[in-house]
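The values are calculated or read from the model by the stated rules, or taken from the named source; none is laboratory data. In this text, all values refer to a predicted model and were calculated from it rather than measured experimentally. No Cβ is skipped: glycine too gets one built from the backbone with ideal geometry, and neighbour counts run over all protein chains shown. Heavy atoms of the whole protein, side chains included, go into the accessibility calculation; ligands, DNA and RNA do not. Shrake-Rupley method; radii C 1.70, N 1.55, O 1.52, S 1.80 Å.
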Amino acid sequence: MDRRLAPFIQTSWIRSKKNGVNAFRRGGSVAKEQLKKALKEKSLLIEVSLPLMESLYAIVEGSGFLVILCDETGMLLKVIGDEETIREAEKMSFVEGAVWNERELGTNAIGTAIVEGQPLQVYAHEHYCAACHAWTCSAAPIRGKNGEIIGVLNMSGPFDKVNPHTLGMVVSAVKAIETHLQLLEKSEKNERMKRYLEATTNTLTDGLLIMDQNGRIVKTNGALQKIAGMNEEEMTGKMVISIFKNRIFHDVLGGRAREGDKEIRLHINGREERKHVLLGMHPIAGSIGWLIQFKEIQQVRQFVNAMTGSQAKITFQGIIGRSPAFMTQIQEAKQAAMTDANVLLLGESGTGKDVFAQAIHNAGERRHKPFIAINCGAIPRDLLGSELFGYEEGAFTGARKGGSPGKFELADGGTIFLDEIGEMSLEMQVVLLRVLQTKEVTRIGGHRVLPVNVRIIAATNKKLEEEVRNETFREDLFYRLNVIPIRIPPLRERKEDIPLLARYFAGECSRRIGKQIDSISPAVNEMLCRYEWPGNVRELQNILERSIHKTTGTILDMSTLPDELFHQYTAAPLKPSKTIMTKEEWKKQALLHALSLHENNYSRAAKSLGISRSTLYRQMERFHLK
Ligand SMILES: Nc1ncnc2c1ncn2[C@@H]1O[C@H](COP(=O)(O)OP(=O)(O)O)[C@@H](O)[C@H]1O
Ligand SMILES: [Mg+2]
């Protein structure tokens, strides 16, 4: 075969010469470790290529050909051929693990195909190295989905047995490899997506059903299988109306269903029991079917609890305080928990009314039922009614389709916590009173009377008796709510609880933000006990959190306390006159106090203030106490 040097051969030779390739070199070097690694990395490519290499080889078997798969660096990964030919090739290190790049071996089909990015044939003497002149090689790069070279397929044979079709065969084998890889990737992606979807839908607590436009069930999730009491096979492919007998499913088939929520009592074929569910109807884009969500009302309730943040989490064990004034009220509350009577919690803001309400619910018979809190003062007056009692579809503009249950319905069987009851309007008080008397609610805009069984815990920071006298709170409602009144004392009346609470909040907060706070300095505790706490426990909690955030060491000391603690009337022995002290003055007083308390023992005085001795000295100097 005689032919002129193709341009790519010429440029390749020029490159080889420039790279200083030794034309008498015999083959590439073998890197065993790298081969092992490459075999692992390219296992998919190898797996897909091998059958095609075998069929290529079958065509030329017995005529001294090798079929070779390389990676994108030119390393030989797989060599197929007659034993004799393989042995021959070994002589020039044309073996698995050898790297046949152009850089080191000069013009050769594998290396040059990688450089050129094209299928090409290198004929006998066109090889840069003399050792290869008995061979003709045809190689084509294999490309990944982004067009990048991921390998090379090469066929080498005795130069006189090769013809231009050899390269054509290699190229078509490469095409087949590329297509196969892409298909694999696609199906793997699909498979993976299917598994993701499966996992996602199965973690949902709502039942899910997907049906096609003909009403056949395409897919169900675990939650729906549980609601229906059937397994996946029993449902998939069935007509939805053969399983669920409610009219809504016929409406879907008849094209009469609309997107939105629908409350129904689910009728499952052949089943007596009707489950109370909220259906979420979602047409699938392109009208190819419907996705229907099944929420069990029982769970809707739990969800509402979680959403309104009114889950009762706290128990009496989580309530901190040991002062006698506080303990008496805890005792009262524990006793109240054993009854089902209405409770009225009275106390300033931040004293723990929420906490008490939750603890009472959690210690009582209703603890496994909902606890629903509603802040009567925080909800706009005209919305409170629908929040409490619910409404029917069309009750007012903007009312949700299908209506909405009120808190009383949602709390059925459990407890409703009416916070800031003193803020309720007189009209609403009338409605509430009627609900308490009849134990029934009627949704706004509706006629159905629904029996409800709820326990009421109400709370207020107002003096309700006074409100009653002023006729801003109904007396009859007051007596209904005030069956067991519990008065939570303000923090300033139970100062012995302050260090306990402080330690509790400091521990809790530092754990939450991952700081190590070992102790609160005695001076800080003393300071906290002097303060009047108009915002009660909530204020204490806030102040400690802020200080903990600022603290850099392991001891909470005075330096991080906010200024407001220092600006207060105090009737402490330390400062008999009621004047406002600046932080500086207070520091000085605290210093003097500590020094006199510890009889000028500097280390103990410093320790009680939560500061180091050197800081103490510095401060003494500053205040001219030395
Ligand atoms: N005795 C207590 N033990 C532990 N935390 C408390 C105590 N009293 C109140 N708290 C906490 O203080 C904050 C205010 O309490 P909260 O019950 O909301 O007060 P109120 O409802 O009376 O305004 C809450 O974060 C609560 O957890
Ligand atoms: Mg509160």
Can you pull out the residues in region 243-300 that are β-branched (Val, Ile, Thr) and touching a Gly at 6+ places or on another chain (Cβ under 9 Å)?
Val252, Ile268, Val277, Ile292
Could you tell me whether any residue of region 541-554 is under 20 Å from Arg492 (Cβ atoms), at pLDDT 85 or above and small (Gly, Ala, Ser)?
yes
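Residues of region 261-282 being more than 13 Å from Arg247 (Cα to Cα) and either touching a Leu at 6+ places or on another chain (Cβ under 8 Å) or open to solvent by less than 70 Å² (accessible area, probe 1.4 Å) (or both), which ones?
First, pick out the residues of region 261-282 that are more than 13 Å from Arg247 (Cα to Cα): 261, 270-278, 280-282.
The answer is Asp261, Arg274, Lys275, His276, Val277, Leu278, Gly280, Met281, His282.
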Could you check, for region 13-34, whether at least one of its residues is aromatic (Phe, Trp, Tyr), open to solvent by 60 Å² or more (accessible area, probe 1.4 Å), over 22 Å from Ile149 (Cβ atoms) and assigned to a loop (DSSP other than H, G, I, E, B)?
yes
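Do we have Asn536 as touching a residue at least 40 places away in the same chain (Cβ under 8 Å), within 16 Å of ligand 2 (Cβ to nearest atom) and of a type outside the set (Asp, Glu) here? Explain how you work it out, then say what you get.
On the way: touching a residue at least 40 places away in the same chain (Cβ under 8 Å): yes; within 16 Å of ligand 2 (Cβ to nearest atom): yes; of a type outside the set (Asp, Glu): yes.
When the stated conditions are applied, Asn536 passes them.
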Within region 81-101, can one find any residue that is open to solvent by 10 Å² or more (accessible area, probe 1.4 Å), in a strand (DSSP E or B) and touching a Phe, Trp or Tyr at 6+ places or on another chain (Cβ under 8 Å)?
yes
Residue, modelled with the lowest pLDDT, within region 367-424, restricted to residues that are within 21 Å of Ala337 (Cα to Cα) and out of contact with any strand residue (DSSP E or B) (no Cβ under 8 Å at 6 or more places or on another chain):
His368
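Can you name every one of the strands (runs of 3 or more DSSP E) wholly within region 108-201 that holds 2 or more residues which are surrounded by fewer than 18 Cβ atoms within 10 Å (Cβ to Cβ) and touching a residue at least 40 places away in the same chain (Cβ under 8 Å)? So that I can check it myself, show each step before the final result.
Values: elements: 120-122, 135-143, 149-158.
It comes to 149-158.
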Matching residues in region 50-80 - criterion: being open to solvent by 60 Å² or more (accessible area, probe 1.4 Å), among the charged types (D, E, K, R) and touching a residue at least 40 places away in the same chain (Cβ under 8 Å):
Glu72
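Working carefully through the options Asp382, Asp340, Asp419, find the one that is within 21 Å of Val454 (Cα to Cα), of a type in the set (Asp, Glu) and more than 16 Å from ligand 2 (Cβ to nearest atom).
Values: Asp382 fails: within 21 Å of Val454 (Cα to Cα); Asp419 fails: more than 16 Å from ligand 2 (Cβ to nearest atom).
That would be Asp340, the only listed residue that is within 21 Å of Val454 (Cα to Cα), of a type in the set (Asp, Glu) and more than 16 Å from ligand 2 (Cβ to nearest atom).
From the list Ser603, Ser608, Ser559, exactly one residue is modelled with pLDDT under 80 and part of a helix (DSSP H, G or I). Which is it?
Numbers: Ser603 fails: modelled with pLDDT under 80; Ser559 fails: modelled with pLDDT under 80.
From the options Ser603, Ser608, Ser559, the qualifying one is Ser608.
For region 312-337, which residues satisfy the criterion of being farther than 20 Å from Leu464 by Cβ, within 16 Å of ligand 2 (Cβ to nearest atom) and at pLDDT 95 or above? Steps first, please.
Restricting attention to region 312-337, the residues satisfying the condition of being farther than 20 Å from Leu464 by Cβ are 312-328, 330-331, 334-335, 337.
Going one step further and asking which of them are within 16 Å of ligand 2 (Cβ to nearest atom), we end up with 312-314, 318-319.
Hit for region 312-337 is Ile319, nothing else.
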